[in-house]
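The values are calculated or read from the model by the stated rules, or taken from the named source; none is laboratory data. This structure is a prediction, so every number in the text was calculated from the model and none was measured. Note: ideal-geometry Cβ built from the backbone for every residue, glycine included; neighbour counts use all protein chains shown. Protein only, heavy atoms only, side chains kept; ligands, DNA and RNA dropped before computing areas. Shrake-Rupley method; radii C 1.70, N 1.55, O 1.52, S 1.80 Å.
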Amino acid sequence: MQNNNNSSFDLSLNLNVRGMPLSATLFINELSNKLRQQGKKIYKFGLGQSPFPVPKIVVDELRTNAFQKDYLEVKGLKALREAVADYHSRRNDILRSADNVLIGPGSKELMFLLQFVYYGELVIPTPSWVSYAPQAKIIGRQVAWIKTKGKNKWRLLPEELHKICENDHFKPRIVILNYPSNPTGVSYSCEELEELADVARRFRVILLSDEIYGELNFKGNHCSIARFYPEGTIISGGLSKWCGAGGWRLGTFTFPDSLAGLLNGMAAVASETFTSTSAPIQYAAVKAFKGGLDIERYLWNARKILSALGTKIHNILTSGGVEIPEPEGAFYLFINFRNFADKLKSKNIYTSMDLSTRILEETGAALLPGSVFGRPEEEFTARLAYVDFDGSRAMAAAETIPSEDSISDEFITTYCSHMLEGTEKIVDWLNGKLVEYGKEYRQNFTF
Ligand SMILES: Cc1ncc(COP(=O)(O)O)c(C=O)c1O
């Protein structure tokens, strides 16, 4: 008898999805893992995941609630929605109630639902996080890009937003604003947000304020644009970044009353797709959003470590000749190699993808090319995520340091030496010091 298990199926894929690759971040992570398994020394500057453990009181709460087995309300556990609403009043001075909150299995999924439910254009300032645009593509929505400038620290200016809105005054639009930003690590001041809010109100756009890194603002003074444009802003957040719980999959959207129709539409689709978010995780998340001394201490130390490491890497790289805005939050640096353009072209490097691939091949440092963040292919930019260190060890050590003391260079050298080594390799490569190493190294690569 013939075994047909391996014969391929002539699949009829949705046109919007046909040929779509895995998300670039996951791709680089898988590639780095593969190379590492082959015994190569890899500096994983690719994937942006918190290095720190989930705070103990939140883990304990999950343990206590492991028995919770019932499906929960589609919009989310009432106690969690209340905790999220209280959190926004406490942190951002924005009055919201449980009825304004929608819980989902990650904010990424909620963003997808939002784009699905809302019929309009998606406006994305670049560089921006890798998944906004592919989601629009899957759903078949139009994307309008706004190219921000390096000299403005890659931040969206009010006049740039104004320009795109006045093109077609009445077009329904969602504008995404993400701060502190992935991929730049830069944020906005309250005053800058107020100016952007004025433009948004004038054109009645819906703002999706992606504040998933808000608690990782290094100064702990994150400001939400919802304070200045409450009626048109949806705040996106979750446990993934500040609570180190990306794999728990819990995201939150907080709406104003004026956008209740969107919340309800999204809940209707959720009820027909994922039903509700994991029950034990929701119970544990209540603890996280309620905050308290343990959470504050955890955040204080996380910010201190990330700020010290980000600044150190920034300084090493900029003294090597590249341009990077100073990091203000999250765990990313967006590097502009334009000063090396001639040198790179002489090595047959013409795009940011060429650049990232060659750096990975010749130094072992895995960066993500600027093109996956919506930048032009031929612009020599790349994102560096500085999270490839043992966050549990670093956090435990930081807890022994008096809270008012900053993190020393010695601390960073002790706990994050691998990141520093990888950074030095990039600088050496730029300065042509790794040519021989590169040759020898390249022979070991299979791609
Ligand atoms: C800017 C930004 N927004 C949203 C997300 C999605 O986070 P999650 O789905 O884990 O809530 C990420 C994750 O990397 C991100 O970097």
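Laid out as a table, the results:
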| quantity | calculated |
| --- | --- |
| Helices (runs of 4 or more DSSP H) contained in segment 334-406 and holding at least 3 residues farther than 22 Å from residue 315 by Cβ and in contact with a Lys or Arg (Cβ under 9 Å, 6 or more places away or on another chain) | 352-363 |
| Criterion: open to solvent by 10 Å² or more (accessible area, probe 1.4 Å), of a type in the set (A, V, I, L, M) and within 13 Å of the ligand (Cβ to nearest atom) - qualifying residue of 130, 143 | 130 |
| Exclusive hit being within 11 Å of the ligand (Cβ to nearest atom) and open to solvent by less than 40 Å² (accessible area, probe 1.4 Å), set 247, 237, 232 | 237 |
| Every residue from segment 28-67 that is open to solvent by 40 Å² or more (accessible area, probe 1.4 Å) and either touching a Cys at 6+ places or on another chain (Cβ under 9 Å) or part of a loop (DSSP other than H, G, I, E, B) (or both) | 38, 39, 41, 47, 49, 53, 66, 67 |
| Cβ-Cβ under 9 Å pairs, at least 6 apart or on other chains, segment 106-135 side more than 24 Å from residue 148 (Cα to Cα) and among the aromatic types (Phe, Trp, Tyr), far side part of a loop (DSSP other than H, G, I, E, B) and open to solvent by 20 Å² or more (accessible area, probe 1.4 Å) | 116/141; 118/141; 118/172; 119/141; 119/172 |
| Check on residue 284, open to solvent by less than 30 Å² (accessible area, probe 1.4 Å) and either out of contact with any Lys or Arg (no Cβ under 9 Å at 6 or more places or on another chain) or in contact (Cβ under 8 Å) with a residue 12 or more places away in the chain (or both) | yes |
| Filter pass, residue 115 being at pLDDT 95 or above and within 16 Å of the ligand (Cβ to nearest atom) | yes |
| Residues of segment 38-76 that turn out to be more than 16 Å from the ligand (Cβ to nearest atom) and under 20 Å from residue 385 (Cβ atoms), as a count | 5 |
| Pick from segment 287-314, criterion among the aromatic types (Phe, Trp, Tyr) and open to solvent by less than 50 Å² (accessible area, probe 1.4 Å), ranking: farthest from residue 71 (Cα to Cα) | 298 |
| Flag for residue 231 being modelled with pLDDT under 95 and part of a helix (DSSP H, G or I) | no |
| Close pairs (9 angstrom Cβ cut-off, 6 or more residues apart or separate chains): among the basic types (Lys, Arg) in segment 155-182, assigned to a strand (DSSP E or B) and within 16 Å of the ligand (Cβ to nearest atom) anywhere | 155/125; 173/122; 173/123 |
| Any hit, segment 195-209, residues being out of contact with any Cys (no Cβ under 6 Å at 6 or more places or on another chain), within 19 Å of residue 87 (Cα to Cα) and within 16 Å of the ligand (Cβ to nearest atom) | yes |
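Results for (1) of a type in the set (Gly, Ala, Ser); (2) touching a helix residue (DSSP H, G or I) at 6+ places or on another chain (Cβ under 9 Å), shown as yes or no for each residue.
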| site | (1), (2) |
| --- | --- |
| 89 | yes, no |
| 92 | no, yes |
| 98 | yes, yes |
| 104 | yes, yes |
| 110 | no, yes |
| 120 | yes, no |
| 128 | yes, yes |
